[in-house]
2 protein chains.
Amino acid sequence: MTEPENTLRYNDQDRDTVYRVMAERRDMRHFSGGQVDSATLKKLLAAAHLAPSVGFMQPWRFIRISKAELRESIYQLVQDERIKTAQALDEREDEFMRLKVEGVRDCAELLVVCLMDGREKHIFGRRTLPEMDLASASCAIQNLWLAARAEGLGMGWVSLFDPDSLQSLLNMPEGSRAIAVLCLGPVDEFYPRPMLETEQWAARKNIDELIMQDGWRD
Amino acid sequence: MTEPENTLRYNDQDRDTVYRVMAERRDMRHFSGGQVDSATLKKLLAAAHLAPSVGFMQPWRFIRISKAELRESIYQLVQDERIKTAQALDEREDEFMRLKVEGVRDCAELLVVCLMDGREKHIFGRRTLPEMDLASASCAIQNLWLAARAEGLGMGWVSLFDPDSLQSLLNMPEGSRAIAVLCLGPVDEFYPRPMLETEQWAARKNIDELIMQDGWRD
């Protein structure tokens, strides 16, 4: 007996597009200036807001950075952490310092993504896993990333910063937390492969090693 | 002066498809049994593995549950946490208990997603934000979710479980952590709106309230 046809399935071309955008999305650090028109930015943020969230809490908040001096302060925070990370990496310090790890000064748009304050009131799906708020916000960022790729815009998620300093710089309330500095904007090209793979920082893992059955495999 | 055409942008139809799959993806709890053929399951997991990851660490691990008794044990873990969550919700206890919050027994495929052990060695992008491993794995789950929607398959992310009990049930090593029980499979239909919105558990927030400029707005 054959299975009945799944009428909820997208047609071949549309399925290919969904897989294609995932394959072509890159964590970008090279940008070509320019700008993101406000209608497109709005569409990208609306795509983010379509993400799933634990108990429908929608914990994500976006701060668009428009002031040049604020962007520069964020750049300095990232530079500070870059040096501290390099030192913590010890034997890979020099190798790390040669990598381009952010595009804060070069990207058209800079967005800071935060988790809202008052999250402790949300218990649904978080009593034993409070970090599900971050999981939801990360799904929102992935939506934004994929939508940006379809719009021909690059995006990079920078997590090289001290969240307490960024919180204070942006007057964020107690209990909120900055989780991402997103660099967004036009690029000359998308890396053909993840930059950290090309630069041999780390290798792509074989997918078969990541899938186990009925329990952990050593 | 007009901006030069962005040749990296997808055509109208393909962009529409990317936005459409985000809009039509749902957190599903109603499944219609059946099965997911192994070629499709492999494509979905490959889509997950295309996600970005902090320092290219690829921290995600997937455990496919094939044994009926193991699925039943996971169901019991979820039921235990469902009761505890209901009690913790206090005045919303009855309302919560009326919601369908999981499809563990009814879905075609059950997957547990874990963060790998040994993550403390990965410092790049995690010195001040160690939770970026969860962020990466969440992006992988969002890819899986969107790809499943395109394949006409429903998916639900259940986080109602005690992670220590699940770790021990699946013989997961110290330092790893279960972050998701994913219910995946054929559905009769996709909810037209998020189920928790329809059931009036929470309302969709106005996107303009989520976007700020140059600092937090009260």
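Which one of these is polar (S, T, N, Q) and more than 10 Å from chain A (Cβ to nearest Cβ): B:76, B:142, B:87, B:167?
B:76
For the range B:109-218, give me every one of the helices (runs of 4 or more DSSP H) that falls completely inside it and has 2 or more residues that are buried (at least 23 other Cβ atoms within 10 Å of the Cβ) and out of contact with any His (no Cβ under 9 Å at 6 or more places or on another chain).
Per the criteria, B:132-150.
Looking at B:31, B:96, which one is within 10 Å of chain A (Cβ to nearest Cβ) and modelled with pLDDT of 95 or more?
B:96
So which residues in the range A:58-73 are without any contact (Cβ under 8 Å) to a residue 40 or more places away in the chain and at the interface with another protein chain (Cβ under 7 Å from one of its Cβ atoms), if there are any at all?
A:66, A:67
Exactly one of these conditions fails for residue B:100: (1) of a type in the set (D, E, K, R); (2) in a loop (DSSP other than H, G, I, E, B); (3) surrounded by 14 or more Cβ atoms within 10 Å (Cβ to Cβ). Give me its number.
Checking residue B:100 against (1) of a type in the set (D, E, K, R); (2) in a loop (DSSP other than H, G, I, E, B); (3) surrounded by 14 or more Cβ atoms within 10 Å (Cβ to Cβ), the one that fails is (3).
Could you check, for the range B:50-57, whether at least one of its residues is more than 10 Å from chain A (Cβ to nearest Cβ), in contact with a helix residue (DSSP H, G or I) (Cβ under 9 Å, 6 or more places away or on another chain) and in a helix (DSSP H, G or I)?
The answer is no; no qualifying residue exists.
Restricting to the range B:135-146, give me the number of residues that are in contact with a helix residue (DSSP H, G or I) (Cβ under 6 Å, 6 or more places away or on another chain) and under 18 Å from residue B:61 (Cβ atoms).
Here the count works out to 8.
Answer with yes or no whether residue B:170 is in contact (Cβ under 8 Å) with a residue 24 or more places away in the chain and under 16 Å from residue B:25 (Cβ atoms). Please lay out each step first, then the result.
Numbers: in contact (Cβ under 8 Å) with a residue 24 or more places away in the chain: yes; under 16 Å from residue B:25 (Cβ atoms): no.
Answer is no for this residue.
Looking at (1) touching a helix residue (DSSP H, G or I) at 6+ places or on another chain (Cβ under 9 Å); (2) more than 7 Å from every other protein chain (Cβ to nearest Cβ); (3) of a type outside the set (Phe, Trp, Tyr); (4) crowded, with 18+ Cβ neighbours inside 10 Å, can you tell me which one residue B:42 breaks?
The failed condition is (4).
Counting only residues that are without any contact (Cβ under 8 Å) to a residue 40 or more places away in the chain and either touching an Asp or Glu at 6+ places or on another chain (Cβ under 9 Å) or of a type in the set (Phe, Trp, Tyr) (or both), which one in the range B:130-158 is farthest from residue A:134 (Cα to Cα)?
Ranking the candidates gives B:130 first.
The values are calculated or read from the model by the stated rules, or taken from the named source; none is laboratory data. This is a predicted model, so every value here is computed, not measured. Here Cβ is always computed from backbone atoms with ideal geometry, including for glycine, and neighbour counts include all displayed protein chains.
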